[in-house]
Structure formats: C-alpha cells, structure tokens
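Worksheet: the structure to be examined is printed underneath.
The values are calculated or read from the model by the stated rules, or taken from the named source; none is laboratory data. If you're wondering where the values come from, they're calculated on a predicted model, not measured in any experiment. Here the Cβ positions follow ideal geometry from the backbone for every residue, glycine too, while neighbour counts run over all protein chains shown. Ligands, DNA and RNA are stripped out before the accessible areas are found, and what is left, the full protein with its side chains, is counted by its heavy atoms. Shrake-Rupley method; radii C 1.70, N 1.55, O 1.52, S 1.80 Å.
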Amino acid sequence: MATRTDAPTRREQILKEAARLFAERGFHGVGVDEIGAAVGISGPGLYRHFAGKDAMLAELLVGISEQLLRGARRRLAEVDGGSAEEVLDSLVEGHIDFALDDRPLITLHDRELDRLRDSDRKLVRQLQRQYVELWVEVVREVYPVLTEPTARSAVHSVFGLLNSTPHLGRPGSLPGRGVTAELLHRMARGAFAAAGTE
C-alpha cells in the first residue's frame, strides 16, 4: 500500500501481508499467528502494532480510500494549468497504478467492507464519494455533453473496469505491467469517449 521508495516499516509489512492473506482466504480464514508468521514475528507480537485483525482491516480499507483521494488531489495540483484531457489522463493513470499494484485491496474491499465498524465504513464511503466527485468534475470538463448523473455513472463504470484486475489472472499470466496499464488506459478513455457521444 505504501508508495514510498524507502523500505517499508514493520507496520506496513504487516498490513501488506494481512491484505494478501485476507484476500486469499477471507478475513475469518486468517489468524493473527499466520499474519505474524508472514512477517517473521509471533502472532501476539502483532498486538504491539495493532489492536487486532479488525484494526488491520479498518486501516487497510480506510487507508486505501485516503490514499486514492490524496493521490487524485496531488495529480490535479501537478497538472494545474494543463488541459482537462491531461488531468483525466493523469487520474486514469493513478487509478491504474492502484488497480495493478494493490489488487488484494480491491478483493478485500469487495468482500470485507461490511465487516468494518459503522464509523469506519461511513468514513470509507465518504472518502469514496469525494474521490468520485473529483472525477465527475474532470470528466464533465472533457465531455460537456454529459449530465452530472451520467458522468457519475460513467466514472463508476470505469472504476468497475479498472478494478477488475483481480479477475485478470495471476500477475505472471498478464502480458506485462506496462502493456496491461496501456490497455486499461485505452479502455478507460474509450469508455468515457463512448459515454461522451450521447
């Protein structure tokens, strides 16, 4: 989940392995001992970093929603003064990075979001709405013919397309990250273009 280039912290290592294991076997199919073993510490040693599995799940799902929104805002700032097309391309690239690099989190979100406490689930939904609305604004600049509801539907549809990466097969079976990223980018822009011809 970390996008930094330096070595991940122990906490980040735990979250990465927890995400992988939860995605593979389900939240209830994984014990703290297994997560600990995956990072080379005892299960009880995890409690120095997290209150328990529920806390890990919350940090993973809230954290990725925060990361996506923060990344999108950063991309908007970086392309400040650029065309709406450039901004949209940058947003698509950012989401593709997430879709290819954080595939277990997509599976985790789809299967385990309802396990979060109400407050955490509401926070995830709030962050996601802000992320969607940021996209809707950019998409409507590129395709002014789109009404707000149609643009929102198009954004959700493109997210569905990009977030399908866990179903594309094992990472080694894909044609390569660069080729897959370019394909997803063309498909996302094609979907927006199709919506924008109404």
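Only one of the listed residues (K16, K53) is farther than 30 Å from R186 by Cα and among the charged types (D, E, K, R). That residue is K53. Of the candidates A72, A38, A55, the single residue that is open to solvent by less than 20 Å² (accessible area, probe 1.4 Å) and in a helix (DSSP H, G or I) is A72.
Results for (1) open to solvent by 80 Å² or more (accessible area, probe 1.4 Å); (2) at pLDDT 95 or above; (3) of a type in the set (F, W, Y); (4) under 25 Å from L134 (Cβ atoms), shown as yes or no for each residue.
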residue: V158; (1), (2), (3), (4): no, yes, no, yes
residue: P175; (1), (2), (3), (4): yes, no, no, no
residue: E182; (1), (2), (3), (4): yes, yes, no, yes
residue: A191; (1), (2), (3), (4): no, yes, no, yes
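S119 passes all but one of (1) farther than 23 Å from G190 by Cα; (2) surrounded by 15 or more Cβ atoms within 10 Å (Cβ to Cβ); (3) of a type outside the set (A, V, I, L, M, F, W, C); which number fails? Looking at each condition in turn, S119 falls short on (2). Residue check: G94 meets all listed conditions (1) in contact with a Lys or Arg (Cβ under 9 Å, 6 or more places away or on another chain); (2) open to solvent by 50 Å² or more (accessible area, probe 1.4 Å); (3) closer than 22 Å to S153 by Cα but one, namely (2).
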